[in-house]
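Since the structure comes first, as structure tokens, the remarks are kept for the end.
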Amino acid sequence: MKKKYQNGFFLFGLLILIIMVSQLDFHEVWHRMREAGYWFLAVVALWGALYVFNTLSWFIIINNGLRKKCNVGFWWLYKITISGFALNYATPGGLMGGEPYRIMALSPKIGAEHASASVILFAMTHIFSHFWFWLLSAALFILTQPVSIPMGMLLAATAAFCVTGIWFFMSGYKKGLAVRAMNLLRHLPGAKKWATSFINKHRTSLDNVDRQIAALHGQNPHSFRAAVLSELLCRIFSALEIFFILRVLMPSVNYLECILILAFTSLFANMLFFMPLQLGGREGGFLMSVKGLRMTTDAAILVALLVRIRELIWTAIGLLLIKFERKEP
């Protein structure tokens, strides 16, 4: 990647990070971190392992679609994965920062079109695993928690939403998603003119990307399932973060309830995808999900604050890793 683009991504992410850090109550942050003690260090270290699952999913996607040996090392891809998520966290709209960065970083190694297809397919797989996680969590709630009529209606709506999402992405895997996504943009107010112009200018490239997405998915179904499973395991194991934090206040905390808290919170937060770091949405999700499982408000505040601090720490790490990119010969 050219140095000017690398610096642009770094400076943009750094500016957003500084703005978000400036909004923190540092006295409250320090008090909560001391309260959590070594469990907070475990939370930060946990994500170093969880990003391995994300990287493995992307690594499987890249190598499944290449018929020749590619010059993409796993740990180099691990670094790009962390930086990509850091930019996604800091960017309104979520995918506006991390995915272009990943494409530009990967293009010199495997070509622009294949890099675009692999990044789009990785993003699709990441979102696809969320739908499966929410659907399985709805079933887990029914099996482990008392279900009232209002909650039953909410779970039914959640299940219908997840099944629709799974169908949409399965169709996208088979036929490609680039053109379909751009066609959807044409129906959004203010984006119709731009999207129409973009499709007209880049129709051939979009069709090529869609063909590669379909080829990457269709060549080896076992690799596709392995990539989805890696992402799904990442969702399940990330509930350890909530488990570690809640042990500070509730030594007898149930891990299954932590999975339900994560599922409900991530579903609520993703509805507010347009906000940097999903500010407010994640905290509200923690508060409602913890209260729904009959836990204290203090537990919700502790979890929400420490998760936010962990995100800021890994966002800073990801941005710093952008500056450690070696110049391509």
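Side notes on the structure shown:
- Within region 113-137, the residues that satisfy the criterion of being within 14 Å of Tyr101 (Cβ to Cβ) and in contact with a Ser or Thr (Cβ under 9 Å, 6 or more places away or on another chain) are Ala115, Ser116, Phe122.
- Residue that is surrounded by the fewest Cβ atoms within 10 Å (Cβ to Cβ), among those in region 208-247 that are modelled with pLDDT under 80, in contact with a helix residue (DSSP H, G or I) (Cβ under 7 Å, 6 or more places away or on another chain) and more than 16 Å from Trp58 (Cα to Cα): Asn208
- Taking first residues from region 104-121 that are farther than 17 Å from Ile60 by Cα and partners that are open to solvent by 10 Å² or more (accessible area, probe 1.4 Å) and outside any helix (DSSP H, G or I), the Cβ contacts under 6 Å between residues at least 6 apart in sequence or on separate chains come to Met104/Met1; Ala105/Met1; Pro108/Glu328.
Residues are listed down the side, and each one gets a yes or a no for (1) under 20 Å from Arg235 (Cα atoms); (2) hydroxyl-bearing (Ser, Thr, Tyr); (3) touching a residue at least 24 places away in the same chain (Cβ under 8 Å):
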{"position": "His130", "(1), (2), (3)": "yes, no, yes"}
{"position": "Trp134", "(1), (2), (3)": "yes, no, yes"}
{"position": "Ala139", "(1), (2), (3)": "yes, no, no"}
{"position": "Val147", "(1), (2), (3)": "no, no, no"}
{"position": "Pro150", "(1), (2), (3)": "no, no, no"}
{"position": "Leu154", "(1), (2), (3)": "no, no, no"}
{"position": "Ala157", "(1), (2), (3)": "no, no, no"}
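- Test: Ser107 is surrounded by fewer than 24 Cβ atoms within 10 Å (Cβ to Cβ), polar (S, T, N, Q) and within 28 Å of Asn64 (Cα to Cα): yes
- Check on Ile313, at pLDDT below 80, out of contact with any strand residue (DSSP E or B) (no Cβ under 8 Å at 6 or more places or on another chain), assigned to a helix (DSSP H, G or I) and surrounded by fewer than 19 Cβ atoms within 10 Å (Cβ to Cβ): no
- Residue in region 83-91 that is under 19 Å from the mean Cα position of the chain (by Cα) and at pLDDT below 70 present: yes
The values are calculated or read from the model by the stated rules, or taken from the named source; none is laboratory data. In this text the structure is predicted, and so the values were computed from the model without any measurement. When we count neighbours, we look across all protein chains shown, and the Cβ atoms used for this are built from the backbone with ideal geometry, even at glycine. Ligands, DNA and RNA are excluded from the accessible area calculation, which covers all protein heavy atoms including side chains. Shrake-Rupley method; radii C 1.70, N 1.55, O 1.52, S 1.80 Å.
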